[in-house]
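Accompanying notes for the structure given below.
The values are calculated or read from the model by the stated rules, or taken from the named source; none is laboratory data. Quick caveat: nothing in here was measured; it's all calculated off a predicted structure. As a convention, Cβ positions derive from the backbone with ideal geometry for all residues, glycine included, and neighbour counts pool all protein chains shown.
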């Protein structure tokens, strides 16, 4: 079974919605209206000096609009690149030359399946430190 058109569309629409929502949250954090709770990179918080610097920004509608466009564009570019890697139309930078992409398929529920290795979101933050090792070697 492959990924159905309905699930593909639902997933992609959810990504657009998340980009919008998370961008708004980022802008709220920038202007001191959020909780400054960061999840990436793991175990990183804004320093007092960084918060003080952000507090010096004057939150105009034009600045908020510009930041929303920049943050949304960056988020969308990351997702678009991820989808190209999944589709096999581009190669992950640290892959072998024979990258052919991966398939997303509709899940058929199996109440006996406890295999959490299939959950990429669980591995996302854990692999940050692998990335740091690769980045340091560059």
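Just one residue in the set 24, 18 is at pLDDT 90 or above, surrounded by 14 or more Cβ atoms within 10 Å (Cβ to Cβ) and more than 22 Å from residue 132 (Cα to Cα); that residue is 24. Out of the residues in region 64-93 that are touching a helix residue (DSSP H, G or I) at 6+ places or on another chain (Cβ under 6 Å) and farther than 24 Å from residue 17 by Cβ, state the one that is surrounded by the most Cβ atoms within 10 Å (Cβ to Cβ). For region 64-93, the residue satisfying everything is 90.
Scanning region 1-10 for residues that are in a helix (DSSP H, G or I) and surrounded by 12 or more Cβ atoms within 10 Å (Cβ to Cβ) returns 7, 8.
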